[in-house]
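One structure below.
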Amino acid sequence: AQTVTQSQPEMSVQEAETVTLSCTYDTSESDYYLFWYKQPPSRQMILVIRQEAYKQQNATENRFSVNFQKAAKSFSLKISDSQLGDAAMYFCAYRSSFNAGGTSYGKLTFGQGTILTVHP
Amino acid sequence: DSGVTQTPKHLITATGQRVTLRCSPRSGDLSVYWYQQSLDQGLQFLIQYYNGEERAKGNILERFSAQQFPDLHSELNLSSLELGDSALYFCASSVETLGPSDGGGELFFGEGSRLTVL
């Protein structure tokens with residue numbers, strides 16, 4: 001079974017600065033997806049960024065970028081120019097390309113989350 | 001707005017009772033997933049349905065059950081409720097067309113149903 005580990009329960013950053021959230025995962029699969037989801041105080045789960053394992057290029061979405069190290073099974077999220085609205089719980093998640101039946105995706109497995117505080 | 005609708009948004013009930021949570025997936029999504037998030041915890045996978053059939057099961061208690069109907073909406077039934085069942089229950093849906101145009105496997109989450117058991 002796949003596991004996802006976020007070793008930083010809490011992180012803080014000054015507004016306009018850069019912060020990196022860490023995530024490692026364990027899998028024997030070669031094809032999968034990785035995600036970062038954001039959960040603000042409203043508790044809504046919002047996709048921040050995704051990475052396909054077969055793509056070597058790191059994904060980027062505006063101020064958000066990832067450092068995907070497939071061999072090391074590491075998937076960190078970098079937030080540049082942090083804003084007050086970035087304050088939230090961030091979850092790293094893993095998804096197999098196929099489930100046991102081979103006809104649809106596997107479930108999404110989440111890490112325990114990192115609470116990000118942004119100081120003005 | 002993710003396009004996934006969950007009802008009710010909030011529910012307060014007593015121990016021993018039974019509740020049903022409802023989820024309408026995004027139009028066209030065949031897969032529905034249920035997750036449980038207890039206070040300050042990560043999301044725990046409960047169960048997945050794909051086009052009406054159970055596809056995967058996680059750490060779902062025997063007191064809990066789910067189904068997906070022909071119109072693809074899903075219901076999660078929680079019975080003999082205990083205090084520890086108090087949590088936020090999320091439903092998510094996704095496209096399951098595998099391939100380059102598969103949308104990257106993203107799950108779209110509803111706003112959750114907050115269950116409080118007293």
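What is the gain in length, in nm to one decimal, between B:Ser65 and B:Thr5 on full extension, counting 0.36 nm per residue of separation less the C-alpha to C-alpha distance?
Result: 19.7 nm gained on full extension.
Express the C-alpha Rg of segment B:50-92 as a ratio against the empirical globular expectation 2.2 N^0.38 Å, rounded to two decimals.
Segment B:50-92 yields a ratio of 1.25.
Hand me the trypsin sites (Lys or Arg not before Pro) from segment B:18-118 located in a DSSP loop with no more than 12 other Cβ atoms within 10 Å, in residue order please.
B:Arg18
Can you list residues whose amide H is under 5 Å from A:Ile49's amide H, if they're 5+ apart or on another chain and H is modeled 1.01 Å from N?
A:Trp36
Running Debye on chain A with equal point scatterers at the Cα sites and no solvent, what base-10 log of I(q)/I(0) appears at q = 0.09, 0.10, 0.11 Å⁻¹?
-0.24, -0.29, -0.35
Can I get the semi-axes of the protein assembly as shown's equivalent ellipsoid? Compute them from the C-alpha gyration tensor as square roots of 5 times the eigenvalues, in angstrom, largest first.
Semi-axes, largest first: 29, 22, 15 Å.
With a cut-off of 8 Å between alpha carbons and a minimum separation of six or more residues, what is the relative contact order of chain B in percent?
37
Quick check on the exposure proxy: order B:Leu61, A:Leu21 from fewest to most C-beta atoms within 10 angstrom.
Listed from fewest to most nearby Cβ atoms, that is B:Leu61, A:Leu21.
What's the exposure ranking of A:Ile46, B:Ile60, going from fewest to most Cβ atoms within 10 Å?
Ordered from fewest to most neighbouring Cβ atoms within 10 Å, A:Ile46, B:Ile60 come out as A:Ile46, B:Ile60.
Between A:Arg43 and A:Lys70, what length comes free when the chain is fully extended (0.36 nm per residue of separation minus the Cα-Cα distance, one decimal in nm)?
Result for the pair: 6.7 nm of gain on full extension.
Run the count for the protein assembly as shown, please: Lys pairs, Cα-Cα under 15 angstrom, 8 or more apart or on different chains.
Taking the protein assembly as shown as the scope, the lysine pair count is 4.
Which residues make up the longest stretch of chain A that has no chymotrypsin sites (Phe, Trp or Tyr not before Pro) in a DSSP loop with at most 15 other Cβ atoms within 10 Å?
With chymotrypsin sites (Phe, Trp or Tyr not before Pro) excluded where exposed in loops, chain A gives A:1-53 as its longest stretch.
Over segment B:31-77, how many percent of alpha carbon pairs lie in each 5 Å bin up to the one with the longest distance?
P(r) over segment B:31-77, rounded to whole percents: 5, 23, 31, 22, 13, 5, 1.
Starting from the eigenvalues of the Cα gyration tensor, five times each then square-rooted, give me the equivalent ellipsoid semi-axes of chain B, largest first, whole Å.
Values for chain B, descending: 25, 14, 13 Å.
Between A:Glu10 and A:Gln56, what is the label-to-label distance in nm when each label sits 7 Å out along the Cα-to-Cβ direction?
4.1
Enumerate by residue number the GluC sites (Glu not before Pro) in segment B:15-118 meeting two conditions: DSSP loop (anything except H, G, I, E, B), and at most 10 other Cβ atoms within 10 Å of the site's Cβ.
Those satisfying the criteria are B:Glu62.
May I ask for the percentage of alpha-carbon pairs in segment A:1-58 that lie more than 20 Å from each other?
Within segment A:1-58, distances greater than 20 Å cover 39 percent of Cα pairs.
A short reminder: the numbers here are calculations on the coordinates, not readings from a lab. Worth saying up front: this structure is predicted, and the values here are computed from it rather than measured. All Cβ positions, even for glycine, are placed from backbone atoms using ideal geometry, and neighbour counts span all protein chains on display.
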